[in-house]
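The values are calculated or read from the model by the stated rules, or taken from the named source; none is laboratory data. The model shown is predicted, which means the values in this text are computed figures rather than measured ones. Cβ placement follows ideal geometry from the backbone for every residue including glycine, while neighbour counts extend to all protein chains displayed. Ligands, DNA and RNA are excluded from the accessible area calculation, which covers all protein heavy atoms including side chains. Shrake-Rupley method; radii C 1.70, N 1.55, O 1.52, S 1.80 Å.
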Amino acid sequence: MKFMVKWRVHPDKRQAALNAFSQMTAEDDKKDMGNNIKLIGRWHDVSDSTGVAICESDDPLAMASWALNWNAFLDLETKMVLDDDEVRAVGRQKAVEAANITATVIQN
């Protein structure tokens, strides 16, 4: 599953959060996420103290653990997201289901 993680840094923790993150190496970052999360990309709006990451994981406990690592600095919102191909597949499935429901109603 893919997840979108949006965050906002607590106003009184801006400098502390930046200091903590800027001191991390790529290895530290991977250790912070754990083995069950793959980071696809992450973007920061430094002027607004917000950001977003897209990651992939089949482990909700790993996602929760990663979020809690930053709980003292950030408010986080995590949502399951789909890419274009996945949304198209869902749309096609829903169209089939709707056609089947219509056909059943007409037959009855």
Query raised in the report: Among Ala72, Ala98, Ala26, which one shows the biggest mean-square fluctuation in a GNM of the chain, springs joining Cα atoms closer than 10 Å?
Result: Ala98
Requested in this report: Rounding to the nearest 20 debye, state how big the charge dipole of the chain is about its Cα centre with +1 on each Lys and Arg Cβ and -1 on each Asp and Glu Cβ.
Outcome: 160 debye
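Could you tell me the calculated FRET efficiency between Ala72 and Ala98, based on Cβ-Cβ distance and R0 = 41 angstrom, to the nearest 0.05? Before the final figure, lay out the partial values.
Details: r = 47 Å, r/R0 = 1.15.
FRET efficiency, Ala72 to Ala98: 0.30.
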Query raised in the report: In Å, what is the Rg of the alpha-carbon atoms in the chain, and how long is Dmax?
Result: 19.5, 67
Query raised in the report: Is any residue of the stretch 60-95 close enough, with backbone N under 18 Å, to a label point placed 7 angstrom from the Cα of Ala16 along the Cα-Cβ axis, and if so, which?
Result: 67-76
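Per the 1.4 Å probe, what fraction of the accessible area of the chain, in percent, lies on carbon and sulfur atoms?
Details: 4350 of 7720 Å².
Carbon and sulfur: 56 percent of the exposed surface of the chain.
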Report summary line: Residue-normalised value, i.e. accessible area per residue, for the chain at 1.4 Å probe, in Å², stands at 71 Å²
Requested in this report: Kindly point out which whole DSSP H helices in the chain project their C-alpha atoms 30 angstrom or further along the helix axis while averaging a Kyte-Doolittle hydropathy of -0.5 or above.
Outcome: 84-107
